[in-house]
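I have placed the structure first, in the form of structure tokens, so that the comments after it can refer back to it.
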Amino acid sequence: MATIAAAPPYTDVRPQAVDNSVWSWLTTVDHKRIGALYLVSALFFFIVGGLEAAVMRAQLMRPNGTVVSAEMFSQLFTMHGTTMVFLAIMPLSAAFFNFLIPLQIGARDVAFPRLNAFSYWVYVLGGLFISFPILFGLAPDGGWFGYAPLSTKAYSPQINMDFWVLGLQILGISSLAAAFNFITTVINMRAPGMSMMRMPIFTWMSFVVQFLVALAFPVITVALVFLQFDRFFGTNFYTIAKGADPLLWQHLFWVFGHPEVYILILPAFGLVSEVLPTFSRKPLFGYPVMVYSGILIGFLGFGVWAHHMFSVGMGPIADAVFSLTTMLIAIPTGVKIFNWIATLWGGQIRFTVAMKFGVALVGMFTMGGISGVMHSSPPADLQQTDTYFVVAHFHYVLFGGSMFGLFAGLYYYFPKFTGRFLSEKIGEWHFWLTLLGMNLTFFPMHFSGLLGMPRRVYQYDAGQGLELFNMMSTMGTLVLMFGTLFLVINLFKSWKGGEPASSNPWGAATLEWTIPSPPPDYNFAELPQVKSRYPLWNMKGGEKLVHETTYAEEKGRHIPTAKELGIVMPNPSIWPLVCAFGLIVMFSGLLFMDTKLMVAIATMLTGSAIWIGSLYKWLLTPLEDHH
Amino acid sequence: MTATTAPTTAHGDGHSHGDAPHAHGGGHYTSLGLDSRKIAIWTFIGSECMLFASLISTYLIYKGRSPEGPFPHETWTNPMTGEVFKPILNIPVTSASTFVLLMSSLAMVLALAAVQNRHVPKVTTGQKILGSSKLWLWMTCLLGIGFLGCQAYEFTSFIHEGLTIRTNLFGSSFFTLTGFHGAHVTAGVIWLFTLLAIDYKRGLQPEDATIVDIAALYWHFVDVVWIAIFTLVYLIK
């Protein structure tokens, strides 16, 4: 047996004539198209968030910078954090959830295709809602964790924080709807034979993430409802004079906020766990342990929140407990690092750009992880909290971790998304500039932080030894911008003119590589029968045989349409978009609460009528035509 | 690792390799043989547990922290005016409304059973009454509305006695918690009326049992949450 049993039957790269009208994109319920929408929107917001950071770095390049005012600087750091967390990294992960989960488990779509479209539209409209105000200098300015009582009317009387409170509430709806959808998809849409322990590791990590979303987001929803009520209806949840606890917000926020950290990193871990085995030509080392450690990270992630609050003085017992749980969570994370290294060990390594980003994640994330473990010790944390040392730490895990993993996934899966490769040559520039820029930006922050530079200050004085480190960080940001420019060029060039890719150009092992690139709308002509964890690798008797296809051998083969195969596809629907729009209108009404009460009520009623009406329309229309 | 084959190669029909049961959710293959909507409602309920857990925890954390009344279980004299406020919670009325809500869950169970057994012949009057999905859906709705009526009475009488959502910490956390629960009951009533409308239009058939079932799961969940609220807010001093 030279290769696996048989070549995939439908293999061609150029799909049938596809409807690409704007209407078809507005009404799409296809998980692959929604994935593409997520990808483009999230990359847009990634660039917006990056530019916000660039302005901050320009301000901090020299002591007593005067590029922006203190007020603008507050808006910039608030929006940089909010944008990167909620509008860039989470949706970039969502792009991969959408595109990959159904393909990896052998499904035709997600469990609820229209709900999936709804999640996207709520996200993108909510993202615009929260981002637009910065153009008018009205953006939220209370930091990305919006500590109350600082964010209440008494201390933030302007409209700025209203956008933040309402915007996050809107984005939460999107994430929750997606979580219910993907949990159901993974539980119930797996192809025959795709048992839980045969699922690709990316799907596993995404599955864990959906539980974190489903259980953590309601907590911030409640915290935001209290803040919303305090701001708009005069309740007392965060009014200290009325007996409120100044730590209530911090507890609720971080009960959400710490699982959120794993919501950001686990999808990237999953992607890297796909990339490393393929480019090492070895199965992932310790697959079950990788699964269990992912679950354990998710579980422990709910028990460490107060390590964000050591400086508030919770007392020795609380400090000790949260310090221990924090150290504990380093164990499953460390297990993952070692398993990746063991995966690489003795493999036939090919250093593609995807692989480089993957390997860089292992290194960079480890550095961020080590500075993270330092914070688990309360006495050390008291020195580091609210300084640039913390900024350095979480950029190593979020940029060096999450973003590197997502970049690895982007280079690896772009051929599957589009049928065309990203250029390796331009990708090299992107990778090396990003790696260099990232370290040049964030490594010096360890030092400026330990020298005592607080985060979120808009100016610092000369003569404190901070000049060199800040100059280095700003130069690093410049390098990062050039790196990102190469990514943008690469995406544009390859979208239309990239080298065409075959169905399995990397010689990968999982189900998504058995179907054409890009996949036809129905994904699988027949539901696959899964018999192992690596359906495309034959590993019997220690012999590794990989079915790698080339474009030349697949070119020109006919890919049947869904109609020819007799597959009933879900009908497109505009109602998820209208419903999402109605929700945004309803929430916007609250913005006028103080100034024009009647306008506020009218707007909210109109919005409610729109979303409830379209929800009924959507639910009472069957997904598919009768067959 | 086991030997593998390319999964999409033609295996004839897709039914012969029964690793998982081959069953239906709207005519589609599902791994568990369950309707996906049923799994989704359970994940939704799991998420809602965290929502109410956060609301209830906040209420409990803030219990007794408010420097000024009125209070739920204690008398309070306003030091400025000398006005005396009795303990504000009206346990007898709320006990009655709790009973009403519990009975609505019973009606909901009977409504679902009636839809599932639509085609079972009914002879006696008792069988006909038990087999009427319209009757039991109406019953559930009316009991739900009865509960909401009690809540409306409770809220207005509190406001008359001088406790609003703005008055103190107790008012804020009490009205928000019970108001959220009331909003959930309201959504449930609207949901049930929608099912009733379908029942009048074309009759709910045993094939429709899933849509009644998920509404029922939601309804029972809201009911269970109320038992927690009633115990923690009203009964425990």
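Brief remarks follow.
- Residue match in the stretch B:198-208 (condition: part of a helix (DSSP H, G or I) and among the small types (Gly, Ala, Ser)): no
- Yes/no for A:Leu43 being free of Cβ contacts under 8 Å to residues at least 40 places away in the same chain, assigned to a helix (DSSP H, G or I), of a type in the set (A, V, I, L, M, F, W, C) and surrounded by fewer than 23 Cβ atoms within 10 Å (Cβ to Cβ): no
- In the stretch B:203-220, the residues that are buried (at least 21 other Cβ atoms within 10 Å of the Cβ) and of a type outside the set (Gly, Ala, Ser): B:Leu204, B:Val212, B:Trp219
- Candidate set from the stretch A:337-393 (those that are hydrophobic (A, V, I, L, M, F, W, C) and touching a Leu at 6+ places or on another chain (Cβ under 6 Å)); member that is farthest from A:Tyr287 (Cα to Cα): A:Phe389
- The criterion of at least 2 residues that are within 14 Å of chain A (Cβ to nearest Cβ) and within 30 Å of B:Thr156 (Cα to Cα) is met, among helices (runs of 4 or more DSSP H) falling completely within the stretch B:18-130, by B:36-62.
- Those helices (runs of 4 or more DSSP H) of the stretch A:519-618 in which 1 or more residues are among the charged types (D, E, K, R) occupy A:551-554, A:562-565.
- Qualifying residue in the stretch A:484-500 (condition: touching a strand residue (DSSP E or B) at 6+ places or on another chain (Cβ under 8 Å) and within 30 Å of A:Gly142 (Cβ to Cβ)): no
- Looking only at residues in the stretch A:534-551 that are modelled with pLDDT of 80 or more and more than 14 Å from A:Thr514 (Cβ to Cβ), the one that is surrounded by the most Cβ atoms within 10 Å (Cβ to Cβ) is A:Tyr551.
- Answer residue from the stretch A:142-171, given it is of a type in the set (Phe, Trp, Tyr) and assigned to a helix (DSSP H, G or I) and is farthest from the other protein chains (Cβ to nearest Cβ) among those: A:Phe163
- In the stretch A:608-619, the residues that are away from chain B (no Cβ under 12 Å) reach residues that are buried (at least 17 other Cβ atoms within 10 Å of the Cβ) and not in a helix (DSSP H, G or I) with C-beta atoms within less than 8 angstrom, at least six apart or across chains, in these pairs: A:Trp618/A:Ser573.
- Entry remark, the stretch B:133-184: residues being in contact with a Phe, Trp or Tyr (Cβ under 9 Å, 6 or more places away or on another chain), part of a helix (DSSP H, G or I) and not small (Gly, Ala, Ser) number 18 in total.
- Here is the figure for the stretch A:252-280: residues that are more than 14 Å from chain B (Cβ to nearest Cβ), in contact (Cβ under 8 Å) with a residue 60 or more places away in the chain and closer than 20 Å to A:Phe338 by Cα total 15.
- Residues being within 11 Å of chain B (Cβ to nearest Cβ) and buried (at least 24 other Cβ atoms within 10 Å of the Cβ) - total across the stretch A:200-211: 1
- Within the stretch A:450-473, the presence of at least one residue that is surrounded by fewer than 14 Cβ atoms within 10 Å (Cβ to Cβ), among the polar types (S, T, N, Q) and out of contact with any Lys or Arg (no Cβ under 7 Å at 6 or more places or on another chain) is confirmed.
- In the condition set (1) farther than 23 Å from A:Ala88 by Cβ; (2) in a helix (DSSP H, G or I), A:Gln348 is compliant with all but (2).
- Candidate set from the stretch A:486-518 (those that are among the aromatic types (Phe, Trp, Tyr) and in a helix (DSSP H, G or I)); member that is farthest from the other protein chains (Cβ to nearest Cβ): A:Phe486
- Residues that are at the interface with chain B (Cβ under 8 Å from one of its Cβ atoms), outside any loop (DSSP other than H, G, I, E, B) and over 22 Å from A:Ala306 (Cβ atoms), drawn from the stretch A:231-251: A:Phe233, A:Lys242
- Pair list, Cβ < 9 Å and 6+ apart or interchain, from the stretch A:107-133 residues that are modelled with pLDDT under 95 to residues that are among the basic types (Lys, Arg) and part of a loop (DSSP other than H, G, I, E, B): A:Ala107/A:Arg190
- Residue match in the stretch A:172-185 (condition: away from every other protein chain (no Cβ under 13 Å), modelled with pLDDT of 95 or more and assigned to a helix (DSSP H, G or I)): yes
- Filtered by the rule that a residue be surrounded by fewer than 20 Cβ atoms within 10 Å (Cβ to Cβ), under 23 Å from B:Tyr59 (Cα atoms) and among the β-branched types (Val, Ile, Thr), the stretch B:178-192 gives a lone residue, B:Thr186.
- Considering residues of the stretch A:498-518 that are surrounded by 23 or more Cβ atoms within 10 Å (Cβ to Cβ) and under 24 Å from the mean Cα position of the chain (by Cα) only, the residue modelled with the lowest pLDDT: A:Ser517
The values are calculated or read from the model by the stated rules, or taken from the named source; none is laboratory data. No experiment lies behind these values; they were computed from the predicted model shown. Ideal geometry is used to build each Cβ from the backbone, glycine not excepted, and the neighbour counts take in all protein chains shown.
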